[in-house]
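Structure, as structure tokens:
The values are calculated or read from the model by the stated rules, or taken from the named source; none is laboratory data. The shown structure was predicted, so the numbers you read here are calculated from the model rather than taken from an experiment. When we count neighbours, we look across all protein chains shown, and the Cβ atoms used for this are built from the backbone with ideal geometry, even at glycine. We work out accessible area using only protein heavy atoms, side chains counted, and drop any ligands, DNA or RNA first. Shrake-Rupley method; radii C 1.70, N 1.55, O 1.52, S 1.80 Å.
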Amino acid sequence: MTFLQKLGFWRKKERKETEAPPFLSKPWREINWGDNQRDLQYVKDYRPQTDGQQLRILLHGQVGAGKSSFINSVQSVLQGRMYTQALVDNTSHDCFTKGYTTYNIQKGPETFYPFVFNDIMGLSPTGVQVNDVKLAMMGKVKDGYGVVRGVPFYNNHPTDNDKVHVLVCVIDANTVTCMHKEIEEKIRQIRIEATHLNIPQMAILTKIDEACPEIKDNLQNVYKVNYLKEKMEQFSVNVGIPMNCIFPVKNYHEEIDLNSDVDSLILSALKHIINFGDDYINFDKSQQLCAMSCQNKNM
Ligand SMILES: Nc1nc2c(ncn2[C@@H]2O[C@H](COP(=O)(O)OP(=O)(O)O)[C@@H](O)[C@H]2O)c(=O)[nH]1
Ligand SMILES: [Mg+2]
């Protein structure tokens, strides 16, 4: 054994002895790997309680975090083939999502899923302002805002369908430990605004394949790897989103065919996003009914 090989051997040994083991003895969340049919059917069968109601999911986060890729991944899982409607930016670090855009997902020849995604321009110290996200959450931003200057973007009379029902912060797992303080602060402020509006908040942690070699090797390690759990805990503390509202995903980004394990994580996140949004729709409706009945009593 050469000197360098010996050094490498001792360093590895030392690391193993001082660091927590990379794998937990059992996964800290259960995923039904290989059996996506139940979750897929759940999403396909989802209908809000009121006819004509749409569930609006607003994605926000840093440029390049994987927002557009997540929308495409959801479309791909639901359509059963690779989909690239939301343009993904592989080249620059500027905002590629040109404005406030609603993405509908086609279900049949002339039908759409009752949930839609909005992708707001990436958060960067100079990017979208907290107030823009607040207006979007209230349903006051029209599609296309940010694309054409001078075009009226303000929706004075938002309907229940224009309002956001669940806010999802998209975070690149590689950036959790080195996130710009200003961005962390913006995420926190957006959370406060969402809380004032009673809108539930969640986060998805993307690029887990890049962040962890053990996960890149086998996606089923996602809830066994200590390192990722620690990253999620750190993010949870930094921005105040509870652990049970954070979901790790790997987006489709280079694949040409679907993969069952990728689908499992996307569906797990999507199912929870829908549930959270649906709870808010029902809560909001009951508040409106309550307010109406109080008004009637006072008349
Ligand atoms: N390895 C890996 N790359 C990803 C993942 N999600 C997105 N990407 C890549 O990250 C880059 C930025 O993604 P994009 O969806 O445009 O980010 P956005 O600015 O938040 O909309 C693109 O090159 C994607 O292919 C992921 O889960 N894993
Ligand atoms: Mg984008």
Inset, instruction - Return the distance in nm (one decimal) between the two label points of a simple spin-label model at residue 81 and residue 292, each offset 7 Å from Cα along Cα→Cβ. - result: 4.3 nm
Legend entry - Placed amide H near residue 101: partners under 5 Å, 5+ positions off or other chain: 119, 144
Legend entry - Two-site label geometry, residue 253 and residue 233: point separation in nm, points 7 Å out along Cα→Cβ: 2.6 nm
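Solvent-accessible area per residue for region 55-287 at a 1.4 Å probe radius, Å²? Before the final figure, lay out each step's value.
Working: 10100 Å² over 233 residues.
Ligands and nucleic acids excluded, the result is 43 Å² per residue.
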Inset, instruction - First check a/c for region 144-285, with a ≥ b ≥ c the square roots of the eigenvalues of its C-alpha gyration tensor; if it is under 1.5, answer rounded, and if not, answer prolate when a/b is larger than b/c or oblate otherwise. - result: prolate
Inset, instruction - Would you kindly derive the ³J(HN,Hα) couplings of region 46-51 from the backbone phi angles with the Karplus curve 6.51 cos²θ - 1.76 cosθ + 1.60 (θ = phi - 60°), listing them in order in whole Hz, with x for Gly and Pro? - result: 4, 9, x, 5, 9, 4
Legend entry - Point-to-point label distance, residue 50-residue 106, nm (Cα→Cβ direction, 7 Å offset): 2.9 nm
Legend entry - Total lysine pairs whose alpha carbons fall under 18 Å of each other in region 219-299 (8 or more apart, or interchain): 4
Inset, instruction - Enumerate the calculated ³J(HN,Hα) couplings along region 220-233 in order (Karplus 6.51 cos²θ - 1.76 cosθ + 1.60, θ = phi - 60°), each rounded to whole Hz, writing x wherever the residue is Gly or Pro. - result: 5, 7, 3, 9, 10, 7, 4, 4, 5, 4, 4, 5, 5, 5
Legend entry - Amide H contacts of residue 61 (H built 1.01 Å from N, under 5 Å, at least 5 apart or other chain): 123, 170
